[in-house]
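Trainee: Just dropping this structure here.
No lab work stands behind these numbers, since they all come straight from the coordinates. Since we're looking at a predicted model, the values are computed, not measured. In this analysis, Cβ positions are derived from the backbone assuming ideal geometry, glycine residues included, and neighbour counts consider all displayed protein chains.
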Amino acid sequence: MASYGEYSDEKQSERSRWTPLTRMLLSGEMTQERQKELKPREKFDRWMVNEGYRRIFVFVFIVLHAIVFAFGFVNYAVKDNLQISRDTFGPTYMIARSAALVLHVDVAMILFPVCRTFISLARQTPLNGIIQFDKNITFHITTAWSIVFFSWVHTIAHWNNFAQIAAKNNLGIYGWLLANFVSGPGWTGYVMLIALMGIVLTSIEKPRRANYERFWYTHHMFIIFFFFWSIHGAFCMIQPDFAPFCISVGTQAVGVFWQFWMYGGFCYLAERVARELRGRHKTYISKVIQHPSNVCEIQIKKEHTKTRAGQYIFLCCPAVSLWQYHPFTLTSAPEEDYISIHMRVAGDFTTAVATTLGCEFGKRGDSSKVVGVDQGNSDVDPALRKVLPRVYVDGPFGSASEDVFKYEIAVLCGAGIGVTPFASILKSIWYRMNYPQKKTRLSKVYFFWICRDFGSFEWFRSLLLAIEAQDVDNRIEIHTYLTAKIKADDATNIMINDANADKDTITGLRSPTNFGRPNWDMIFRGIRKLHTPAEAGVFFCGPKGLGSTLHIFCNKYSEPGFNFVWGKENF
């Protein structure tokens, strides 16, 4: 039987591995703390930190659309040279034309958010504090749904307009079909509507995740949409009562719809040309490493490339697909002489790329191994030197995680392979700790990683070990959470080996592995209590559900003197 002294030493060894936050949470101190009652002004300020600007922007977006629609409706209802059209078609004439006016506004904006270079440059301006450029994809999607809605409003209104024409000319259903599918505005409108719905139906989250290639290729039907948009109004089917009349050509032409999207179109065209030019810079794969849990690490050398921690690139492998560019977060630090990504092999594209690179995930193996090195490297085993496929790299581009060094406190949360943005950030922090001339405002970093299986820790373990070894001041707290069910025998072995050890049995880190899911309520309260007054940036990459939960806690536990500022990785 173990003596009391031996038991005490065992518990003391275990406690010595606890981080300051863990000690606070296990002490029971946080369970006695009451949530502070906020005044209405304080509640509004807390709401503004993470929600305000986004909600205000959405509100302004809706109001502007309503104003444009209302302005168009009133204009077409009272304009003196449209009396014949109003008498012929009735109210649906004003509705169709007003919806078209709103569509002009949306079409003018829809392409700007997907111009990555433009967004990255805009993030570096003072406007980034006012406009949430990291929400560019959200804005793109919102504008797209507005186009869908007003396209159907426009179409349905014209169904009635065409019915009025057929009725007044005694043509019946034949006249209605003729107006819909033979007239210039009719058939071009249906071509656009088919292209638009093809884009939308394959862009919904579930179909997109099921087949990304289908989403990628059908999205290029926007070319069809914009082409027919340009000529849709050029037929001048409905004329005003008196001059100036609608004409299709010349400087006074009315039906030149291309003028509304030409600026966004030019910006997007420049973006695509720049992508091809950047991709043609001398780029080659220097090393391929196969990790457990179907993770493939690709190290790439590319000339004329400067990166920042937390950025991402678009990768194209011509041997798999010449046209597909997929986003991957950089896992290399700016201080390293290469760029790297960790690719989770799950879909068709990633599987094909991994196979082309020589990875064989079907074979059993619990450790990382190099499967390929560029043939120009003479310092490695000749068996590993091979001709690796060429890749094109577009980027790097900025993301919300790039802002981590702007805060005093950083809370990094990654789930599974969602840890990749923080690999780059943690590496950069490690370099700054070893080379103090690289200053940073950061005083404390909390890193939370939630995963399902032991193997998920393997490829990232060496970096975390290096950080712990250098972090003598405990500026970086590492909290790992294992959510998989553990067999009884495994649990017993872990308890026996971990009881009096200086390192965690699973990860080899000083900080112990937690089993189950994090208690975010206690964690946020604990961080706030330890660091008030301050401002903490919360950065997350992983499942949407967990992101929503963290977003809620950021709002809930922000108060005067301490703000949790929400950030999420977007592609």
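Trainee: Report P(r) for segment 281-397: all Cα-Cα distances, bin width 5 Å, range 0 to the bin holding the largest distance, values in whole percent.
Mentor: Reading upward from the zero bin: 2, 12, 22, 25, 21, 13, 4, 0.
Trainee: Applying the Karplus parametrisation 6.51 cos²θ - 1.76 cosθ + 1.60 with θ = phi - 60° to the phi angles of segment 176-181, what ³J(HN,Hα) value in whole Hz is obtained for each residue in order, glycine and proline being reported as x?
Mentor: 5, 5, 4, 5, 6, 10
Trainee: Please give the FRET efficiency for ARG475 paired with ARG517, using the beta carbon to beta carbon distance and R0 = 22 Å, rounded to the nearest 0.05.
Mentor: FRET efficiency, ARG475 to ARG517: 0.30.
Trainee: Anything over 29 Å Cα to Cα? Flag those among LYS306/LYS529; LYS135/LYS406; LYS406/LYS556, in the order listed.
Mentor: Working: LYS306/LYS529 38 Å; LYS135/LYS406 19 Å; LYS406/LYS556 22 Å.
Result: LYS306/LYS529 exceed 29 Å.
Trainee: Could you give the length gained by full extension between TYR338 and LYS282, i.e. 0.36 nm per residue of separation minus their alpha carbon distance, to one decimal place?
Mentor: This chain segment gains 18.9 nm when fully extended.
Trainee: Within segment 512-551, which trypsin sites (Lys or Arg not before Pro) sit in a loop by DSSP and count at most 12 neighbouring Cβ atoms inside 10 Å?
Mentor: The qualifying sites: there are none.
Trainee: Tell me, TYR325, TYR407 in order of fewest to most beta-carbon neighbours within 10 Å?
Mentor: Fewest to most other Cβ atoms nearby, the residues stand as TYR325, TYR407.
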